[in-house]
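Chemist: Here's a structure for you.
The values are calculated or read from the model by the stated rules, or taken from the named source; none is laboratory data. Fair warning: this is a prediction, and the values are worked out from it, not measured in the lab. Counting neighbours? That spans all protein chains shown, and the Cβs are built from the backbone with ideal geometry, glycine included. Surface accessibility is based on the protein's heavy atoms, side chains included, excluding ligands, DNA and RNA. Shrake-Rupley method; radii C 1.70, N 1.55, O 1.52, S 1.80 Å.
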Amino acid sequence: MAVGIALAIFFGGIKLLLLNHPSCIDGGVDPAPSARDESSGFIPGRHPPFLLWPAARREFYQTIAYTALLPLAWGMVVFGRCAIVVVICYAAGAVISYALLQWLFRRNPGKAALTFHHTLACALIAAALAYPLMPWYLALGAGAGVTLLMAATGSIGRPWLHVGLLAALLLVVLYPTPRRWPLLARDHLVLGNAAHNRSGSIYRWPHSGGPGDIDAVRFERPGLVLQSLYATIAANPHSRPSRLRLQRAFALDLPAPGDMFLGAVPGRIGTVGLLAIVLAGLWLSCRHILLPGAWALFLLGVVAGLVLGPFSSHVFDHEFWQSLGGLWYLPPERALTLVVDELCSADFLFASVFVLALPGTMPMEPMARRVFLLAAGILAALAHRLAIPALPATLTLLLLQPLTPTLDVLFHRRSWVRP
Amino acid sequence: MRPLKLISRTMVGGLYFGRPAWRVMEWPEPPDATATEEKNPEISRPENRPQLGDLLRRVCPGSTGSCTPALVRQIADLADRRARLLILNLLPAQPESLLPAALTQFQSQYLAAGAELIARCLDSPRVMVALDRHDRPTWRAWRRLADGRRFRIHTLVNRYPQAHPVILTRCLTGTVLSPASLPSGRDIVVLDPVTCWALGRFLRWGRATTRPVQVFVSGREPRLAEARVGQRVADFLRTLGIAPDTQECILNGMLAGEWIDPERTAIRWDTELISLRPPAAHEPAVDCIRCGWCVGACPVGLNPVSLLAAARIHDGLPVGDRREAVACIDCGLCSYVCPSRLDLAATIRTLRAKQLGMAAAAAELAAAG
């Protein structure tokens, strides 16, 4: 009874919010009056272009939702039954709340301000951010909550803030994830940790038994190798790091970059699903939904932030400038190893593909977009360096998103045509 | 006449812009006019520019291209000044247009004769021929035609709307024009190929009331035909064996053309494309999702969404400067790419008309005061 009353009050409030939302009232544009002379045979009310790019708003979210299934499927392979339940519960929660809203607004179909594929895409991205061992009822509620929150704040009609995703991310922070895990990024579905595939997984990855172990990886992280190496250099600045020492350090202690990228060495660096994310990004770029330049610029900012960020947590802790000078001696293939390791350590690739693909994340003006992406990349890298405990890149992009209209105004491009 | 292969676009479900394909097209048989061999060498002198204007008023009084201004107007605006540059615009004005290539392939003698006459009369030191880089047959033909003449060939990547005079002039010379003004204000004359063709053919045959028209019918090969100016579009289509009754009829391209009633509309000098397609489903406009495609697509660097917000208060969008609407060249790309199906082009067109009306009113007030 009490649950019923609470639900009625909640949905009533949502309905009131939606009916009064300005974005729901302003559905489109009045057709411009025709400047043509009707007597000459031109049909008024019909304006060019008479041909439309065959990608409507529906296709945007549809493509994002379907491509998100690819890394999720990979995660389900790794994490098994639990992950499948979490994904299904997120999607089911979103679909149920969407259907409920449609029913609630059946007499005002334009007021619901939600489209099915938008709802599904946001639910799947939220599921990808979630903890894979989350209880099913919490996942169901989270999926429904994400959809209802998006509807209450205007959804697509108020596109400068992905409220649902932000709420999902806060849920990730607030959910009692086992505190003993040092890095939250390792514990999520896409960038998951193979140590979690306890039962029901389709493929048995090698893994360690407890959180204090090294998670099935018998290698040291590249950053740690460099740290010890450069600490030695800093202690004795007159001795150059010999190529042989560097080669030996990487050859003995580190896996090959390709192995890390393909997930052949899982666990420590969260490579699970990265290849799927890259494939999804390529497909979204082919469909013109994700701008390849935006993807590259964000990652460039991330790399710049990682390399230049003085607040190092595990690479350049001591004697930063000496260590930076030591990069000169690093062979290019080892530098690639380092970069891949850093990119795989957090959600940089995930955010650069799925969060940037969602329309409205970036500013529209080209210069504003460049500034936003570079700044977001650097800030995300700094957040990662400062060990902010929740998906630093996604969090940075979502927190910077409300600034996009301001950036559009600040970096407004004047037309080169003289009026 | 020998049929020739030209680059065309596949039409899928009444829509263009599919994969490029090779199509065979033929120039229509010439009408049964007698050869008069009407030569007028006197007109090719610079001092006889008024006679050229009179001749053009007889041959093609209006604009012969969908975006190029009429040569008569440009010559009148040029007055006694010397045209420092003449641009023969052989880029297709619309993505589906094949007319410049067809004129070059089939009627090059008239095209070159008309262009040379105009160049001599305007006493222009430089004549640039702007060609589509991917249209190799046209480029080869013009290499032969330019031999011994003052023509200089410039090949460009023809991304729509590259053929618009504002963009073409900026690309070739760096000169920035206003869409509301004529290029002759900067001593540049932009020539449409149909004008040159009509002039060259008039000098040869004395005919001046027909022009080539390209006809697209959904599911069929594109066709070329000579249409009489003033003839009703429906009658013209019936002569080609096409029934326009149940189809949508669009004039001068799908992106920036006009939706017409073929029974009430006549062929004009600027009618270069007639497209017929089955009635298309209308997609309703929804709210902007800030994807930024319109900003990326605008060839003149406008922000169509902010102009939309300026035209009408729109929640959550930055409001732009209404005066920028004057810079719009009416290409229709913003509406074409918009996934929310917002009628951006029509809104900007209305805004531009208002701004130009206000500017005209202000000029009138200043003149009166």
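Chemist: Within segment B:334-343, which residues are at the interface with chain A (Cβ under 8 Å from one of its Cβ atoms) and not in a loop (DSSP other than H, G, I, E, B)?
Modeler: B:Ser335, B:Tyr336, B:Val337
For every residue, the table says whether it meets (1) modelled with pLDDT of 85 or more; (2) open to solvent by 20 Å² or more (accessible area, probe 1.4 Å); (3) at the interface with chain A (Cβ under 8 Å from one of its Cβ atoms).
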residue	(1), (2), (3)
B:Pro318	no, no, yes
B:Asp321	no, yes, no
B:Gly332	yes, no, yes
B:Ala345	yes, no, yes
B:Ala363	no, yes, no
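Chemist: Now for a different question. Of all residues in segment B:269-281, which are in a loop (DSSP other than H, G, I, E, B) and within 13 Å of chain A (Cβ to nearest Cβ)?
Modeler: Selection gives B:Asp270, B:Thr271, B:Pro278, B:Pro279, B:Ala280, B:Ala281.
Chemist: Being modelled with pLDDT under 85 and surrounded by 19 or more Cβ atoms within 10 Å (Cβ to Cβ) is the filter; apply it to segment B:203-223 and report the residue that is farthest from B:Arg57 (Cα to Cα).
Modeler: It comes out as B:Val217.
Chemist: Could you list, in sequence order, the residues of segment B:227-268 that are of a type in the set (D, E, K, R), within 15 Å of B:Gly65 (Cα to Cα) and not in a loop (DSSP other than H, G, I, E, B)?
Modeler: B:Glu258
Chemist: Taking helices (runs of 4 or more DSSP H) that do not extend beyond segment B:94-174, which have at least 2 residues that are over 22 Å from B:Val189 (Cβ atoms)? Let's see the steps before the verdict.
Modeler: On the way: elements: B:99-106, B:108-121, B:136-145, B:165-173.
Counting at least 2 such residues, we get B:99-106, B:136-145.
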